[in-house]
1. Under the Cβ-under-4.7 Å rule, which cysteines of the chain stay unpaired?
2. Give me a comma-separated list of calculated 3J(HN,Hα) values for the stretch 34-39, in order, Karplus coefficients 6.51, -1.76, 1.60 applied at θ = phi - 60°, integers in Hz, x for any Gly or Pro.
3. With n ≥ 4 as the cut-off for DSSP H runs, can you work out [θ] at 222 nm for the chain, using -39500 (n - 2.57) per run divided by the number of residues, rounded to the nearest 500?
4. For Leu101, enumerate residues with amide H under 5 Å from its amide H, sequence gap 5+ or separate chain, H modeled in the peptide plane.
5. Which residues make up the longest stretch of the chain clear of GluC sites (Glu not before Pro) that lie in a DSSP loop with no more than 11 other Cβ atoms within 10 Å, not counting the sites?
6. Please give the helix 154-163 orientation as an angle from the longest Cα principal axis of the chain, in degrees from 0 to 90, rounded to the nearest 10.
7. Using the Karplus curve 6.51 cos²θ - 1.76 cosθ + 1.60 with θ = phi - 60°, what ³J(HN,Hα) values do you get for each residue of the stretch 80-94, in whole Hz, with x for Gly and Pro?
8. If you take the beta carbon distance between Ala135 and Phe16 as r and set R0 to 22 Å, what does 1/(1 + (r/R0)^6) give as a FRET efficiency, to the nearest 0.05?
Amino acid sequence: MRRIELGFHCNNACRFCALGTLRKELPQYELAVIARQVGAIQTGDRVVFVGGEPTLLEGLPGWATLARERGAWSVMVQTNGRRLSEAGYAHSLVAGGVDVLDVCLHGADEAMHDYHTTIEGSFRETVLGLRRARAAGLTFGVTTVVTRSNYRHLPEIVHVAHTLHVNVGDTHRD
């Protein structure tokens, strides 16, 4: 798996984030650095775009296209899923060559998820984003950071993911 690092900015402020407030202070990757990373992709590579939050960068669909042009076998985006709630955004990722998402879901309901992200409405946006991703033909898995606040609710989180048609196999497409 070839990781393409897109910087640290994120539209969530998760309580458990290792970067904490550094997210806002750390320098963002320059376009030249991202271009070098994409330029290193080789035929047959599985590529994953990671951040911060990769969907905040307008160039993401174009970088996915370049990854496919360089021969990437699969293109994944690790995301909190919120931007996918924007009409047409999931389709722009598919058009760019993204075929798999790894989406963060930290609670089984709005109160639990929003508590972890500290962003009111993030659960609604993530769930809508997953529905739009599915409608656009994207495969996705869900990642949950297990905390002392949500570990008792893991079966419920799995149930929510199941109702959203999460891929139950390997999202890394071996």
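Read-outs throughout are calculated quantities, based only on the coordinates presented, and are distinct from any laboratory measurement. Keep in mind it's a predicted model, so treat the numbers as computed, not measured. Please note: Cβ atoms are built from the backbone with ideal geometry, for glycine as well, and neighbour counts cover all protein chains shown.
1. Among the cysteines of the chain, those whose Cβ sits 4.7 Å or more from every other are Cys10, Cys104.
2. For the stretch 34-39, the Karplus-derived couplings read 5, 4, 5, 5, 5, x Hz, x marking Gly and Pro.
3. Working: 7 runs with 63 residues, N = 174.
Value at 222 nm, helices only: -10000 deg cm²/dmol.
4. Residues meeting the amide H criterion: Val77, Thr139, Phe140, Gly141.
5. That gives 59-119 as the longest site-free run.
6. The answer is roughly 60 degrees.
7. 7, x, 5, 5, 4, 6, 6, 3, x, 5, 4, 5, 5, 5, 4
8. Details: r = 30 Å, r/R0 = 1.38.
With a Förster radius of 22 Å, E is 0.15.
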